[in-house]
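**Student:** If you scroll down you'll find the structure; I have some questions about it.
We did not get these values from a lab; they are worked out from the coordinates using the rules stated. Every value quoted in this text rests on a predicted model; they were computed, and no experiment measured them. Cβ coordinates were reconstructed from backbone atoms using ideal geometry, including for glycine residues, and neighbour counts include every protein chain displayed.
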Amino acid sequence: MAGSRTGPKMTLPTQLVLLALLEEPDRERYGLELSEVAGLATGTIHPILARLEGCGWVRSRWEEIDPHQQGRPRRRYYRLNPDSIALVRAALARTQAARSGVLRLRPDLAGGTP
Amino acid sequence: MTSHSALDLAVNRVRIRDLACDLDLARDAALTLSRVRVRARDLERDPGRARDLALTLSRVRVLDLAVTLARARDLANHLANDHVRDLARDLAAAHAHVRRLADDLNLNLTPARASDRARDLANHLVRDLARASGRVHALVNGLEPATVTVPSSPAVAGPRGARPGWMSRHLVQRAVWCLPSAHRARYREEFDAELAEIAETRGRVRQWGYAVRLVGRAVALRHAVQAAVPQREQS
């Protein structure tokens, strides 16, 4: 079942997470891995993933291992909901178009002063 | 040491730790830029898709990186110290590279030219940030213990196979405690797995950074899970 059509608020970190997931839509990644790929600090990605999961754009599951045998806790893996990929791409496209327009008007918003 | 100078030292220690966290973020983003460059070159078989993918990914990350570097540079400028002035210079250089990269991405360059420029700037950026990170971690390790109550000096990267430190585990438990009771078990296990991996592969500074950021984002995570619609799966 596809997720919510409106989706979460498309903040920059949210966009980075979605782009990271879209790089390989069939691939599952756990939180630390996603933060590296998305270029976000570790520990800050979980509210984003929770919102994406809440609106149905992302699914998660536990790693199927025996923690005692592997000597480490099991990971929580995330991947895009296949039924929501089109919604994700459309939302990113809308955001990119809006951002390009803003930056043309206000190039100073692209970063701090050198 | 007078109480006033001890307080100044404690404030500077906190600022330097914030700087270390910002630099970690900036370095991670710069390494991601390098990976994006590699992926874009792999897609040269399909020039149209390569251009769109490389420009889209790079622009979003580069703008975020520019904001982070500006914040780190401004923070370094607040600290009156010769070593930190060198650090501020390194950060300014890194920020200038990022701004040039952002400007290039707004130009109508050919895919090959854009890829070459991005590669060169990303390589410069990774070197600048590695140098800046080294200065910051040397600063953190070189600070004397303060008489006020602050976290003790972080150790350099621990040996492989190290368990998470007690303070990091305590902070993670605090973060989990902020969550709704129905979600605590899941996130406790998830955070424990991530903290264990950080302890295994990185240092104590990274463990603390991870745990502190979890605590800082605990309220946001609480709101996010409480607002979840019924589609959210609990496996």
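**Student:** Rounded to two decimals, what is the ratio between the C-alpha radius of gyration of region A:2-55 and 2.2 N^0.38 Å?
**Tutor:** Its radius of gyration relative to the 2.2 N^0.38 Å reference: 1.05.
**Student:** If you don't mind, there's one more thing I want to ask. Run the numbers for B:Trp177 and B:Asp103: contour at 0.36 nm per residue of separation, minus the present Cα-Cα distance, in nm. Before the final figure, lay out the partial values.
**Tutor:** Working: separation 74, 0.36 × 74 = 26.64 nm, distance 4.46 nm.
Once the chain is fully extended between B:Trp177 and B:Asp103, it gains 22.2 nm.
**Student:** Continuing with this model, one more query. If you take the beta carbon distance between A:His68 and B:Arg184 as r and set R0 to 30 Å, what does 1/(1 + (r/R0)^6) give as a FRET efficiency, to the nearest 0.05?
**Tutor:** Values: r = 22 Å, r/R0 = 0.73.
The value I calculate is 0.85.
**Student:** A further question follows. Near the amide H of A:Val58, under 5 Å away, which other amide H atoms are found, from residues 5 or more places off or on another chain, if H is placed in the peptide plane?
**Tutor:** A:Glu53, A:Asn81
**Student:** Hey, fewest Cβ within 10 Å first, where do B:Ile198, A:Ile48, A:Ile85, A:Ile65 land in order? List each step's numbers first, then the result.
**Tutor:** On the way: B:Ile198 23, A:Ile48 27, A:Ile85 17, A:Ile65 12.
Fewest-to-most ranking of B:Ile198, A:Ile48, A:Ile85, A:Ile65: A:Ile65, A:Ile85, B:Ile198, A:Ile48.
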